[in-house]
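Below: one structure, written as structure tokens.
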Amino acid sequence: MPTKKEKIWDVIIVGAGPAGMFAANEMADTDLSILIIDMGREVKKRICPLGHDMGCTECKPCHIMCGVGGAGTLSGGRLNLRPDIGGDLSEVTKDLEKAWELVNYVDKVFLKYGGPTELHEPKGEDLKHLRRLAAASGIKFIEIPQRHIGSDHAPKVIQAFADDLEERGVKFLLRTKVKDLIIEKGRCKGVDTVRRGEFRSKYTLMAPGRIGGPWVEEIAREKKLAASFGPIDVGVRVEVPAIVMDPVTSINMDPKFHIHTPRYDDFVRTFCTNERGFVVKEWYDGFIGVNGHALIDKESNNTNFALLVRIQLTEPLENTTAYGRSIAELATTIGGGKPILQRMGDLRRGRRSNWGRLKKNLVKATLKDVVPGDISMALPHRVVMDIIEGLEKLNEIIPGVAADSTLIYAPEIKFYAMELEVNKYLETSVKNLFAAGDGVGLSGDIVNAAATGVIAGQGIMKSAGVKKP
Ligand SMILES: Cc1cc2nc3c(=O)[nH]c(=O)nc-3n(C[C@H](O)[C@H](O)[C@H](O)COP(=O)(O)OP(=O)(O)OC[C@H]3O[C@@H](n4cnc5c(N)ncnc54)[C@H](O)[C@@H]3O)c2cc1C
């Protein structure tokens, strides 16, 4: 563990997630001295205190979101091998071919460290049928080749990756929170940490992931980094009998559908499908939300997925985070501090659900700690209309998904980090300060985060005038 604070590192990376680790991987075989600082723990110590699966969202978020490997890598570790899922990498590279090359490269690195050789690729007659149905309904079905590392296997893959980085000279400083950047005369000169003080560097890479989003926002404001607010996704978690979703989950375990709604022409998408999974509560600072997960050793009879409406604001309020928070707070107030649960039939008829109707309902909720209520009292009218219309459109290709008995939980809100303005090497408006991954608004999944790490690593090498041996 590095102790000498007076040492000037060539590169300091904030965050040991995919973005940080892939950036280090790019630079590791050069003469650059590299220090990765992360507020989380080493892989083996990232254990859920309640003994739950790594995907558990009931525990301290720190074990899920922080530490070597970063966020979801240790949870599901589903690699979406497409540049336009989990952000749009081609917007970063400005070149679709380059974006695909990066995706393939990231895949190879995961394979090198023991990623599963089995590739799940949608194919066959069923796929053709689904494509036809989707096209006829004007819905875009995104076909995603995926690799499932799996939560039982992911720690081994991440450990092998981290061990190799260490063998190649990269140092890790864990359980250390970066609180500030040292910026002098327009150049970033390192970081200041909570208990260990300052660490100086020639180059700094910010890769703090979603959990670091608020910190990035603060730094951007204080240090006047060029940045803008990204969109947010506001919506619900939908739960249906697994048998309803089987025809599509058998083609793609986590099928993504992109829909434009008739009334508002808004963009609505499905996200994070959990086959035979469970809906879970998520606590945020000041409000409650829902999410979903699938467990290895326990299955339910239901499949759940998020149905999310994209919201981008212009004037007078660009701050989508503030808008999202106020929606989540209203939903929490109306739900008496619990998520709201409503049957699709009740939502359609404009009446609240109650325990009596839920008891008789065909679909039984996997999340019990809820309040039966009316989602239209909690979410903006436009979002509610988008949800109803989106589900009804989806019903054209997945019959039964918009049945009266379908369960809808609210709110599910995905906040995205503020997007830092970067050049093609991912250098920010402050000299020698680079940015990568979800926390700076450049990606939204493991593969894309890793790819931005690769670009930033190469950018730093170019700026430092070093080449891979
Ligand atoms: C439960 C869950 C499941 C998921 N499943 C999948 C999946 O199956 N497939 C997929 O593609 N994506 C999944 N995701 C999303 C995926 O995890 C992220 O897109 C990806 O990890 C982003 O990588 P990153 O390197 O940008 O940030 P992260 O992986 O979030 O890593 C950031 C790191 O920075 C550290 N950090 C933050 N702030 C500071 C600070 N101030 N000082 C020091 N350290 C700091 C954190 O501790 C963290 O370790 C999931 C996410 C979650 C939460």
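Quick notes on this one:
- Take the Cα of R221, go 7 Å toward its beta carbon, and none of the backbone nitrogen atoms of segment 403-445 fall under 12 Å from that spot.
- Exposure proxy order (Cβ contacts within 10 Å, fewest to most) of C66, C272: C272, C66
- Cα centroid separation - segment 195-246 against segment 311-363, whole Å: 24 Å
- Fewest-first ranking of W355, W215, using other Cβ atoms within 10 Å as the exposure measure: W355, W215
- Extension gain, E282 to K431, is 49.9 nm, computed as 0.36 nm per intervening residue step minus the present C-alpha separation.
- Taking each of K108/K171; K123/K281; K140/K364 in turn, the alpha-carbon distance tops 25 angstrom for K123/K281; K140/K364.
- Extreme residue, positive dipole direction of the chain, given options V280, A134, F229 (C-beta unit charges): V280
- In order along segment 133-149, the phi-based Karplus estimate (6.51 cos²θ - 1.76 cosθ + 1.60, θ = phi - 60°) of 3J(HN,Hα) comes to 4, 4, 4, 5, 9, x, 10, 8, 9, 8, 8, 10, x, 10, 10, 9, 5 Hz; Gly and Pro are listed as x.
- Degrees, to the nearest 10: 320-334 long Cα axis against longest axis of the chain: 40 degrees
- Relative to the longest principal axis of the Cα atoms of the chain, the long axis of helix 18-27 makes an angle of roughly 30 degrees.
- With R₀ set to 45 Å, the beta-carbon distance separating D163 from E125 gives a calculated FRET efficiency near 0.55.
- By the count of other C-beta atoms within 10 Å, a proxy for reagent exposure, Y409, Y264, Y416 are ordered fewest to most as Y264, Y416, Y409.
- Compared with the dominant Cα axis of the chain, that is its longest principal axis, helix 381-397 is turned about 80°.
- Estimated distance in nm for a label pair at E392 and K156, the labels positioned 7 Å out from Cα along Cα-to-Cβ: 5.0 nm
- Cα gyration tensor category, rounded, prolate or oblate, for segment 273-313 with a/c compared to 1.5: oblate
- Between K185 and T333, the distance separating the two model label sites (each 7 Å from Cα on the Cα→Cβ line) works out to 5.2 nm.
- Label point 7 Å beyond Cα of E91 along Cβ direction - residues of segment 416-434 with amide nitrogen under 13 Å: 416-422
- Three-way shape call for segment 232-414 based on the alpha-carbon gyration tensor, with the a/c threshold at 1.5: rounded
- Spacing of the two label points (7 Å from each Cα toward its C-beta) at I8 and M377, in nm: 6.3 nm
- Highest to lowest packing among 319-330, 112-123, scored as the average C-beta count within 10 Å: 319-330, 112-123
- Taking 0.36 nm per residue of separation and subtracting the current Cα-Cα distance, fully stretching the chain between A322 and R132 would add 64.4 nm.
- For D266, distant residues with modelled amide H under 5 Å away: T261
- For segment 374-379, Karplus couplings with θ = phi - 60° (6.51, -1.76, 1.60), whole Hz, Gly/Pro x: 10, 5, 6, 7, 10, 9
- Normalised by the number of residues in the chain, the mean separation of alpha-carbon contacts (under 8 Å, six or more apart) gives a relative contact order of 23 percent.
Only the coordinates and a few stated rules stand behind these numbers; no lab work does. As the structure is a prediction and not an experimental result, all values here were calculated from the model. Counting neighbours? That spans all protein chains shown, and the Cβs are built from the backbone with ideal geometry, glycine included.
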